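A.B. asks: Below is one structure. I have some questions about it.
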Amino acid sequence: QKEVEQNSGPLSVPEGAIASLNCTYSDRGSQSFFWYRQYSGKSPELIMSIYSNGDKEDGRFTAQLNKASQYVSLLIRDSQPSDSATYLCAVTSWGTDSNYQLIWGAGTKLIIKP
Amino acid sequence: GAVVSQHPSRVICKSGTSVKIECRSLDFQATTMFWYRQFPKQSLMLMATSNEGSKATYEQGVEKDKFLINHASLTLSTLTVTSAHPEDSSFYICSARGGQSYEQYFGPGTRLTVT
């Protein structure tokens, strides 16, 4: 069974520090990797996508991918209280009927302490 | 870009009635739309995948006769919860992808309460 694993947290980080979120996946065939942010009671919002090994930076966010280790991470620099949310890792996969779908981690709850 | 709307945002209905939820891609053509359900403090659960003009593909354990999905155009998909019961109360969220992209963009969700 294809799986995506995340530490459920909560992960508590002081304001201004770097928050580091991690995710491992089981399907070696996965090619696309995403981080979504979900505030309580709201729907997920795409914040980063990464497709090749290495780092990808977008503002305060950096996604890191290591396909050999089947590992993807998200770094948030200069953490702000507004970054407090659940972060979902999602990985592409192909179902038995060749339909594309995302396999979702359960999410890591991040709390930024002022 | 990549805006998805969903309507209604909240709905309360009586047990035994049907509820229709609309999902629209506003600024792109959605080749595939997805319907998820999320219970409080739980992860997203994919219910079904629909491609425009085709029958939806339901995940194991999701009753296709209870959750009717129609994806009649490249910008609109609907989910109808038929004969709703209190256990169907949940947060229903649609998402959409366009073209060759694997990114999914989510609507704001519909909170269904069945009394």
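None of the figures in this text is laboratory data; all of them are computed from the coordinates on show. Note that the structure is predicted; figures quoted are calculated from it, not measured. Positions of Cβ are backbone-derived with ideal geometry, glycine not excepted, and every protein chain shown enters the neighbour counts.
A.B. asks: Got a sec to turn the phi values of the range A:53-64 into Karplus ³J(HN,Hα) couplings, 6.51 cos²θ - 1.76 cosθ + 1.60 with θ = phi - 60°, whole Hz, x for Gly and Pro?
C.D. replies: My calculation for the range A:53-64 gives 4, x, 10, 9, 10, 8, x, 7, 9, 10, 9, 10 Hz in order.
A.B. asks: For the range A:30-114, what does the alpha-carbon gyration tensor say about shape, rounded, prolate or oblate, given a ≥ b ≥ c as the root eigenvalues, a/c under 1.5 as rounded, and a/b over b/c as prolate?
C.D. replies: Oblate is the answer for the range A:30-114, as a/c is 1.5 or above yet b/c matches or exceeds a/b.
A.B. asks: Can you give the log10 of the normalised intensity I(q)/I(0) at q = 0.20, 0.22 Å⁻¹, computed with Debye over equal Cα scatterers of the range B:17-73?
C.D. replies: Each listed q corresponds, in turn, to -0.83, -0.97.
A.B. asks: Arrange A:L46, B:L26 by Cβ neighbour counts within 10 Å, fewest through most, would you?
C.D. replies: Neighbour counts put them in this order, fewest first: B:L26, A:L46.
A.B. asks: While we're looking at this one, here's another question. Of A:S30, A:S40, A:S73, which has the largest mean-square fluctuation in a 10 Å C-alpha GNM of chain A?
C.D. replies: Of A:S30, A:S40, A:S73, the most mobile in the Gaussian network model is A:S40.
A.B. asks: Kirkwood hydrodynamic radius for the protein assembly as shown: how many Å is it when counted over pairs of different Cα atoms?
C.D. replies: 18.2
A.B. asks: Given H placed on each backbone N at 1.01 Å, which residues far from A:S8 in sequence or on other chains put an amide H within less than 5 Å of it?
C.D. replies: Residues meeting the amide H criterion: none.
A.B. asks: Could you please rank B:H85, B:H71, placing first whichever residue has the fewest other Cβ atoms within 10 Å of its Cβ?
C.D. replies: Ascending Cβ contact count within 10 Å gives the list B:H85, B:H71.
A.B. asks: Along each principal axis of its Cα atoms, how long is the range A:1-58 end to end? Whole angstroms, biggest number first, please.
C.D. replies: Result for the range A:1-58: principal-axis Cα extents of 37, 26, 20 Å.
A.B. asks: Calculate the length of the line joining the C-alpha centroid of the range B:11-45 to that of the range A:1-16, in whole Å.
C.D. replies: 26
A.B. asks: Quick test of your reading: applying the under-4.7 Å Cβ rule, which cysteines of chain B are isolated?
C.D. replies: B:C13 - these cysteines have no disulfide-compatible partner (Cβ-Cβ under 4.7 Å) in chain B.
A.B. asks: List the aspartates and glutamates whose Cα sits under 19 Å from the Cα of B:K64, skipping any in the same chain fewer than 8 residues away.
C.D. replies: Straight-line reach from B:K64, under 19 Å: A:D97, B:E22, B:E52, B:E87, B:D88.
A.B. asks: Please report A:W35, A:W104 as a ranked list, fewest other C-beta atoms within 10 angstrom at the top and most at the bottom.
C.D. replies: With the fewest neighbours first, A:W35, A:W104 line up as A:W104, A:W35.
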